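One structure is given below, encoded as structure tokens.
The values are calculated or read from the model by the stated rules, or taken from the named source; none is laboratory data. All values reported here derive from a predicted model rather than from experimental measurement. Neighbour counts run over all protein chains shown; Cβ positions are idealised from the backbone, glycine included. The protein model used for the area step is the full one, side chains on, heavy atoms only, and it has no ligands, DNA or RNA in it. Shrake-Rupley method; radii C 1.70, N 1.55, O 1.52, S 1.80 Å.
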Amino acid sequence: MKINYKFYVFVICALAFAAMAQARNLNKRTMTKQTEPRVLLETSLGNIVIKLYNETPKHRDNFLKVVRDSIYDGVLFHRVIKDFMVQAGDPSSKNAEAGQPLGSGDLGYTVEAEFVYPQLFHKKGVLAAARTGDAVNPERRSSASQFYIVTGKVYSAGQLQMMQQQMGNQKMEQIFNELVRERLDSIRNMQAAGDSIGLEELQNELIALTEAEYAKHPFQFTPAQMEAYSTVGGTPHLDGEYTVFGEVVEGIDVVDKIQNMPTGPADRPVEDVRIISAKVIE
């Protein structure tokens, strides 16, 4: 039987081209997956470009939707605290009168918290979601539209060590309180029976359990946090409390202009600072 070499060469070439095309498509999908979308905020004080993190997909996609729905066009930076943050995204601020209280407007839904900590933390320039307090929002779900950009301040190594200790104590307190809630019925029964010895023994048991649980994951700033908070600055005490989902890549000087605006009641700038338009640019 005579072998048709031309046919085999054709097949091999076809398979090679198919493999190359598949590789190109895979690379294209990989690049698309890795690309972090960017949003341009044109404000009355200048332009700000924000990069959205792929590590927080729910917040990324929601922010892009809100931008594309033109929700941010015309809203104010309604809450500005120097050396802390600048906040915007209240839909009711678009036509707000001077002195009108702002900050309670929303879109009627919330976004599930996405804490990617300690990788994503509150260094200067990051974008994070505002939310209602723990008492009414124990899951720490985010506002659908309101966000803030961190300005913060620079901390010394000593200040960071002290803050680390304080935040560690807060974490231990949270663990202890959760253990207490799990045993609330037993505690109430002991209190009703006047069983002071039982209460003391339970307290000692819960303290031991708290210390053991905390020892598994003690609170400690990472080297990246220590470097950022001691150089560019930020707001360390917000870490793990609010979802961080992006950062300013252009226009941090504009953010500084906003944070330096004179403010009145409820930290609202006396002179309106407005997002003229927001659009996705990548």
Long-range neighbours under 8 Å by Cβ, at least six apart or interchain, first residue closer than 11 Å to residue 220 by Cα within region 159-186, second of a type in the set (D, E, K, R): 167/239
Against the condition open to solvent by 50 Å² or more (accessible area, probe 1.4 Å), aliphatic (A, V, I, L, M) and either under 23 Å from residue 276 (Cβ atoms) or touching a helix residue (DSSP H, G or I) at 6+ places or on another chain (Cβ under 7 Å) (or both), how does residue 107 come out, does it pass? yes
In the set 65, 51, 58, 82, which member is without any contact (Cβ under 8 Å) to a residue 40 or more places away in the chain and charged (D, E, K, R)? 65
Restricting attention to region 87-99, which residues are assigned to a loop (DSSP other than H, G, I, E, B), of a type outside the set (Asp, Glu), surrounded by 13 or more Cβ atoms within 10 Å (Cβ to Cβ) and out of contact with any Ser or Thr (no Cβ under 7 Å at 6 or more places or on another chain)? 94, 96
Which of (1) part of a helix (DSSP H, G or I); (2) free of Cβ contacts under 8 Å to residues at least 60 places away in the same chain; (3) surrounded by 14 or more Cβ atoms within 10 Å (Cβ to Cβ) is the odd one out, the single condition residue 137 does not satisfy? (1)
Can you tell me how many residues in region 252-261 are exposed (fewer than 14 other Cβ atoms within 10 Å of the Cβ) and under 16 Å from residue 147 (Cβ atoms)? 0
Suppose we filter region 262-278 for residues that are surrounded by fewer than 16 Cβ atoms within 10 Å (Cβ to Cβ) and either closer than 15 Å to residue 96 by Cα or touching a Leu at 6+ places or on another chain (Cβ under 9 Å) (or both); how many remain? 8
Any idea which of (1) out of contact with any Phe, Trp or Tyr (no Cβ under 7 Å at 6 or more places or on another chain); (2) open to solvent by less than 60 Å² (accessible area, probe 1.4 Å); (3) farther than 14 Å from residue 118 by Cβ is the one residue 188 doesn't satisfy? (2)
Can you tell me which residue among 54, 62, 47 is closer than 22 Å to residue 114 by Cα and surrounded by fewer than 16 Cβ atoms within 10 Å (Cβ to Cβ)? 54
Just the residues that are open to solvent by 10 Å² or more (accessible area, probe 1.4 Å) and under 13 Å from residue 241 (Cα atoms), please, taken from region 113-129. 113, 114, 115, 116, 117, 118, 120, 121
